[in-house]
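What follows is one structure encoded as structure tokens, with my remarks underneath.
The values are calculated or read from the model by the stated rules, or taken from the named source; none is laboratory data. Everything numeric here is computed off the predicted structure, so don't read it as measured data. Cβ atoms come from the backbone with ideal geometry, glycine included; neighbour counts cover every protein chain shown.
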Amino acid sequence: MLQTNFVNHTFENPLMNASGIHCMTVEEMKELANSKAGAYVTKSTTLKERAGNPSPRYVDVPLGSINSMGLPNLGIDYYLDYVSEAQTKTETPIFFSIAGMSVAENIEMLEKIQASDFHGVTELNLSCPNVPGKPQVAYDFDLTEETLEKIFAFFTKPLGIKLPPYFDLAHFDQMAAILNKYPLTYVNTINSVGNGLYIDVDKEQVVIKPKDGFGGLGGEYIKPTALANVRGFYTRLNPSIKIIGTGGIRNGQDAFEHLLCGATMLQIGTELHKEGPAIFERIASELEDIMEVKGYKSIDEFRGKLRSITD
Ligand code: RRO
């Protein structure tokens with residue numbers, strides 16, 4: 001019932017982790033591989049291992065989460081070694097996330113991926129909000145275009161990009177016009193809502209240490225922004241560019257809403273962090289229940305069919 005076609009493969013269901021959650025180590029990735037998730041993605045990597053920002057750097061709060069991890073990861077070779085071994089045990093494509101600190105670093109990593117035996121899907125993260133002194137690439141339209149131009153001059157494996165939220169329809173128009181020039185496999189929207197501030201009122205203090213408490217928001221706070229970005233890009237991008245919907249998925253209804261806006265795959269971050277990998281079974285069964293009540297036998301019957309008020 002939840003089967004989903006994406007990159008010439010049929011996934012059991014559209015549910016995945018969001019990069020950064022439960023995918024830093026081989027142990028965590030194996031737990032995702034053994035869970036009911038339809039697919040999974042690795043932690044965004046850089047060429048060299050990074051320790052990231054000082055802790056506390058990720059805090060669950062009542063309506064979601066705030067983080068400023070600062071791109072901690074074990075370096076590209078660690079993740080490439082893992083996926084090249086893991087992909088031989090399954091036909092399901094693995095997603096491989098990269099987040100270089102410069103255009104040159106992204107190109108160097110993509111050259112490594114191109115030359116490797118990895119045959120999954122690469123996700124280029126242009127939206128890390130948490131590296132001090134480094135603005136998000138995807139808020140710079142010229143730099144985004146320059147990056148994609150250089151990449152598609154040589155990269156021939158399936159590639160998607162992870163975007164931050166946009167808040168102005170003119171920005172949706174501008175970004176979609178750029179993305180439509182390239183053979184992207186997908187756009188993943190949204191990364192965390194950058195630079196929120198959560199306060200512990202008893203202590204009169206921030207809750208995370210880096211950047212004086214400023215960090216990316218996830219969870220319930222961000223669902224309406226995520227849905228708007230899924231819808232905004234679904235209605236503007238060439239149909240060949242699929243959408244991965246990320247942001248605020250806590251139950252089957254949230255998943256249904258993302259699919260109705262046009263998402264093909266769905267990623268879960270904050271709520272996976274709260275519940276662990278057992279969440280995939282729960283959300284899959286809640287989504288099936290909703291579809292059954294509504295009489296839908298497949299996701300294709302309602303994907304993207306959100307109605308406007310026309311009378
Ligand atoms: O590691 C992080 O601080 C981080 C990254 Br790379 C990202 O893309 N999104 C996020 O919320 N945190």
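Among the candidates G262, G194, G218, the residue that is under 28 Å from T122 (Cβ atoms) and buried (at least 23 other Cβ atoms within 10 Å of the Cβ) is uniquely G218.
One line per residue, one yes/no per condition, for (1) modelled with pLDDT of 95 or more; (2) in contact with a Leu (Cβ under 7 Å, 6 or more places away or on another chain); (3) in a helix (DSSP H, G or I):
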site: I243; (1), (2), (3): yes, no, no
site: R250; (1), (2), (3): yes, no, no
site: Q253; (1), (2), (3): yes, no, yes
site: E257; (1), (2), (3): yes, yes, yes
site: L260; (1), (2), (3): yes, yes, yes
site: L266; (1), (2), (3): yes, yes, no
site: K274; (1), (2), (3): yes, no, yes
site: E281; (1), (2), (3): yes, no, yes
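Filtered by the rule that a residue be among the polar types (S, T, N, Q), surrounded by 18 or more Cβ atoms within 10 Å (Cβ to Cβ), away from the ligand (no atom under 11 Å from the Cβ) and part of a strand (DSSP E or B), region 5-57 gives a lone residue, N17. Scanning region 110-142 for residues that are surrounded by fewer than 16 Cβ atoms within 10 Å (Cβ to Cβ), of a type in the set (A, V, I, L, M, F, W, C) and closer than 18 Å to N180 by Cβ turns up just one, F141. Checking each residue in region 60-74 for being surrounded by fewer than 23 Cβ atoms within 10 Å (Cβ to Cβ) and within 6 Å of the ligand (Cβ to nearest atom) picks out G70, L71. Can you confirm whether T185 is more than 20 Å from T46 (Cα to Cα), exposed (fewer than 13 other Cβ atoms within 10 Å of the Cβ), away from the ligand (no atom under 16 Å from the Cβ) and not charged (D, E, K, R)? No, not satisfied. Here is the figure for region 37-82: residues that are closer than 20 Å to G248 by Cβ, touching a helix residue (DSSP H, G or I) at 6+ places or on another chain (Cβ under 7 Å), in contact (Cβ under 8 Å) with a residue 60 or more places away in the chain and not hydrophobic (A, V, I, L, M, F, W, C) total 4. Evaluating G269 against the criteria (1) buried (at least 22 other Cβ atoms within 10 Å of the Cβ); (2) more than 15 Å from L163 (Cβ to Cβ); (3) among the small types (G, A, S) leaves one unmet condition, (2).
Any residue in region 232-245 that is touching a strand residue (DSSP E or B) at 6+ places or on another chain (Cβ under 9 Å), of a type in the set (S, T, Y) and closer than 22 Å to K43 by Cβ? Let's see the steps before the verdict.
In the first step, residues of region 232-245 are kept if they are touching a strand residue (DSSP E or B) at 6+ places or on another chain (Cβ under 9 Å); the result is 232-234, 237, 241-245.
Keeping just the survivors that are of a type in the set (S, T, Y) gives 234.
Now narrow it down to the ones that are closer than 22 Å to K43 by Cβ: none.
The answer is no; no qualifying residue exists.
Considering only strands (runs of 3 or more DSSP E) fully contained in region 58-115, which possess at least 3 residues that are closer than 24 Å to L143 by Cβ and modelled with pLDDT of 95 or more? Spell out the reasoning first.
Working: elements: 58-61, 64-67, 95-98.
Where strands (runs of 3 or more DSSP E) fall fully within region 58-115 and carry at least 3 residues being closer than 24 Å to L143 by Cβ and modelled with pLDDT of 95 or more, they are 95-98.
Among the residues of region 148-201, the ones that are in a strand (DSSP E or B), charged (D, E, K, R) and in contact (Cβ under 8 Å) with a residue 12 or more places away in the chain come to 1 in all.
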